[in-house]
Amino acid sequence: MPKEVKNKEEFIKIASNRGKKIVVKKTDNAFKVKLRTPKYLYVIKLNSEKEVDEILSQIKLPVERL
């Protein structure tokens with residue numbers, strides 16, 4: 001079961017320390033950014049593509065867009 005993160009700073013911290021890859025999925029009215037770590041899958045929901053780009057610019061991991 002994925003763990004949902006509500007705070008952007010916490011998501012960035014987890015990604016920097018334990019992240020393996022990121023998947024960005026666009027739904028009807030939001031974006032889901034999924035972070036794969038060795039143990040868990042973390043998800044954060046964002047409203048705009050600007051917020052997604054802002055987070056991805058701070059994280060240096062492989063990104064896959066769906």
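For the chain, what is the mean residue ellipticity at 222 nm derived from helices alone (per DSSP H run of n ≥ 4: -39500 (n - 2.57); sum divided by total residues; nearest 500 deg cm²/dmol)?
Working: 2 runs with 21 residues, N = 66.
Theoretical 222 nm ellipticity from helices: -9500 deg cm²/dmol.
At 1.4 Å probe size, with the rest of the protein present, what percent of the exposed accessible area of the chain is carbon and sulfur atoms? The partial results should precede the final answer.
On the way: 2210 of 4600 Å².
Ligands and nucleic acids excluded, carbon and sulfur give 48 percent.
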- Query: Which is the longest part of the chain that has none of the trypsin sites (Lys or Arg not before Pro) sitting in a DSSP loop with at most 14 other Cβ atoms within 10 Å?
  - Reply: 40-59
- Query: Angle, helix 8-18 long axis vs. longest principal axis of the chain, Cα atoms, 0 to 90°, nearest 10?
  - Reply: 40 degrees
- Query: For helix 49-58, what angle does its Cα long axis make with the longest principal axis of the chain, in degrees from 0 to 90 and rounded to 10?
  - Reply: 20 degrees
- Two-site label geometry, ASN47 and ALA30: point separation in nm, points 7 Å out along Cα→Cβ: 1.1 nm
- Note on the structure: In Å², rounded to a whole number, the accessible area per residue of the chain with probe 1.4 Å is 70 Å²
- Which labelled figure in (1) 22, 63, 14, 0; (2) 17, 37, 25, 13, 7, 1; (3) 20, 51, 27, 2 is P(r) over Cα pairs in 10 Å bins from 0, in percent, once derived from the coordinates: (1)
- Note on the structure: With +1 on the Cβ of every Lys and Arg and -1 on the Cβ of every Asp and Glu, the dipole magnitude of the chain about its Cα centre, in debye rounded to the nearest 20, is 360 debye
- Task: Compare the Cα positions of MET1, GLN58, VAL23 along the charge dipole of the chain (+1 at Cβ of Lys, Arg; -1 at Cβ of Asp, Glu; about the Cα centre) and return the one farthest towards the positive end.
- Result: MET1
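The values are calculated or read from the model by the stated rules, or taken from the named source; none is laboratory data. As the structure is a prediction and not an experimental result, all values here were calculated from the model. Positions of Cβ are generated from backbone atoms using ideal geometry, with glycine treated the same way; all protein chains shown enter the neighbour counts. Heavy atoms of the whole protein, side chains included, go into the accessibility calculation; ligands, DNA and RNA do not. Shrake-Rupley method; radii C 1.70, N 1.55, O 1.52, S 1.80 Å.
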